[in-house]
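Enquirer: Quick one: this structure, given as structure tokens, is what I'll be asking you about.
Only the coordinates and a few stated rules stand behind these numbers; no lab work does. Predicted, not measured: the structure shown is a model, and the values here were computed from it. Cβ atoms come from the backbone with ideal geometry, glycine included; neighbour counts cover every protein chain shown.
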Amino acid sequence: MKPKSYPVILHINCFEQGQSLNEALHLASEIGADGVEFRRLPGGYQGSDLDYLDELSRAWEHCPMDWISFGGPGVDLMSEDDRQIEKEISSAERFYRTAASRFPLKIVNAFTGNLAASDKPYLEYWHHGSAIATPRQWQSASDGYARLGSLAGELGFKFAFETHGVYLHDTIEATSALVERVASPHVGILWDQANLMIFREYPALDEAISAMGTNLFYVHLKNLLVPPAQFLSVCALSGGIINIREQISALYRSGYQGPLCIESPRAGDRIQFAHEDISYIKKLIHEIVV
């Protein structure tokens, strides 16, 4: 069944240039977004994650929205210390239980912990993540999210692993394998095609959607330019090497029903970029879906 439309969410990186949580929500609403994907805890935040939820709750009272998501930092399950892993899972359970009681939580951008080879450049994604993961790390990640998937089922939301370099869930193949190991209807995939295009090899749009199948729960949209090796430039959604019109069309043909989240990890006026990108996406949705 094809969707009637798509909710459009703005990633909090559209508003990380000095804006408060209250300002971020009001700006997202004014721009025309349906919601915001926040970080689980902003970098440099002085309080605890529950203090952060308290602050966000106060902002939300003044500007509630239809959608909210939380992303990184995720649940770090790459440790060799079982006690540390239990601490991470217990902390996540407490955070998401609290968040689900306060907000219309439907989808969470899930991570399993940074996994980088110390002797390789960061952007050479193919040397990190699933390429160096140990059987123990695979087991810790799948066991941890099987438990968190049960929590998500109880509270009525879903986790989606972002296809992101330097994590276990970096390629579509690795992310799909992790989802299969978790074996929970509440744990799936967040597809970010731009992240995949930094690999030496990456799938075409239809190929990616087909490979993920019904495990595709969430989509991040951004675009980039990749001229010579080791150089990339994040750009406007309509201006990079990903044909976003083709991407939305492919999602629509596949029957994808979830939200679309616009990211803006680039220098300059991100609020203006958000205006431009959401206008572009809504125009595409109207042309393709409506």
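Enquirer: Restricting to region 175-210, name every residue that is more than 23 Å from T134 (Cα to Cα), in contact (Cβ under 8 Å) with a residue 24 or more places away in the chain and part of a helix (DSSP H, G or I).
Expert: Selection gives Q193, A194, L205, D206, A208, I209, S210.
Enquirer: Of all residues in region 86-115, how many are more than 17 Å from S150 (Cα to Cα) and more than 16 Å from the chain's Cα centre (by Cα)?
Expert: Counting residues in region 86-115 that are more than 17 Å from S150 (Cα to Cα) and more than 16 Å from the chain's Cα centre (by Cα) gives 5.
Enquirer: Can you find, within region 152-174, the residue that is farthest from R40 (Cα to Cα) among those that are assigned to a helix (DSSP H, G or I) and touching a residue at least 24 places away in the same chain (Cβ under 8 Å)?
Expert: Residue satisfying both the conditions and the ranking: E173.
Enquirer: Out of V226, V290, I need the residue that is surrounded by fewer than 16 Cβ atoms within 10 Å (Cβ to Cβ), within 24 Å of D66 (Cβ to Cβ) and of a type in the set (A, V, I, L, M). Which one?
Expert: Only one candidate passes the filter, namely V290.
Here's the yes/no breakdown for (1) surrounded by fewer than 19 Cβ atoms within 10 Å (Cβ to Cβ); (2) not in a strand (DSSP E or B); (3) not aliphatic (A, V, I, L, M):
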{"position": "G239", "(1), (2), (3)": "yes, yes, yes"}
{"position": "S249", "(1), (2), (3)": "yes, yes, yes"}
{"position": "R253", "(1), (2), (3)": "yes, yes, yes"}
{"position": "G258", "(1), (2), (3)": "no, yes, yes"}
{"position": "C261", "(1), (2), (3)": "no, no, yes"}
{"position": "P265", "(1), (2), (3)": "yes, yes, yes"}
{"position": "D277", "(1), (2), (3)": "no, yes, yes"}
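Enquirer: Could you say which residue among G213, G149 is among the small types (G, A, S), in a helix (DSSP H, G or I) and touching a His at 6+ places or on another chain (Cβ under 6 Å)?
Expert: G149
Enquirer: Let me ask something else about it. Pairs only if they're at least six apart or on different chains, beta carbon under 6 angstrom, first in region 265-276 and in contact (Cβ under 8 Å) with a residue 12 or more places away in the chain, second of a type outside the set (S, T, N, Q) and outside any helix (DSSP H, G or I); list them, first residue then second.
Expert: Between residues of region 265-276 that are in contact (Cβ under 8 Å) with a residue 12 or more places away in the chain and residues that are of a type outside the set (S, T, N, Q) and outside any helix (DSSP H, G or I), the close pairs are P265/V234; R266/V234; A274/L10.
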